[in-house]
Amino acid sequence: MLLRYAIGHVVRRVRRERAKTLQQLSGEARVSLPYISEIERGRKEVSSEILATLCAALDVPMDVFLREVSTVLARDAAATSIIELQSAREQRESSASRSTATRSTPSRSTEVLLAA
């Protein structure tokens, strides 16, 4: 996950927890509504100055906000690792079952030789 997605996710979550609309946050932070919307959707990188302004308008200390972002990134990384491990295990099992099936099924030429 890109950092901008995690930041956007946390901005949106905190804004909703505070029961603020985009319009309210925009007015309090003095940041354009479309820009905040783009941040929340992970489409725009946010500068430290804008992030500080948003945190102040949301009444959340920057260090708390950044810890939340870190938690989101860590959860995503853990989920990705689990998915990668499951995929690798499924690939191993699939190739093992294919090789077992290939070995246990006699080929047509073997059957012809045995019949002769």
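Any read-out appearing in this document is the output of simple, stated calculations on the displayed coordinates, not a laboratory observation. Just so we're clear, the structure is a prediction, and the values are computed from it rather than from any experiment. Here the Cβ is made from the backbone with ideal geometry for all residues, glycine too, and neighbour counts use every protein chain on show.
Take the Cα of Ala56, step 7 Å toward its Cβ, do the same at Leu2, and the gap between the two points is 2.8 nm.
Mind sorting Asp59, Asp76 by how few other Cβ atoms lie within 10 Å of their own Cβ, fewest first?
Working: Asp59 10, Asp76 15.
Lowest count first: Asp59, Asp76.
Of Ala56, Tyr5, Ser97, which is farthest towards the positive pole of the stretch 1-103's charge dipole, taken about the Cα centre with +1 and -1 on the beta-carbons of Lys, Arg and Asp, Glu respectively? Checking the options against the dipole of the stretch 1-103, the answer is Ser97.
Take the Cα of Glu49, step 7 Å toward its Cβ, do the same at Ala74, and the gap between the two points is 3.2 nm. Rg over Rh for the stretch 1-103 works out to 1.29, both radii taken from alpha-carbon positions and Rh defined as the Kirkwood radius.
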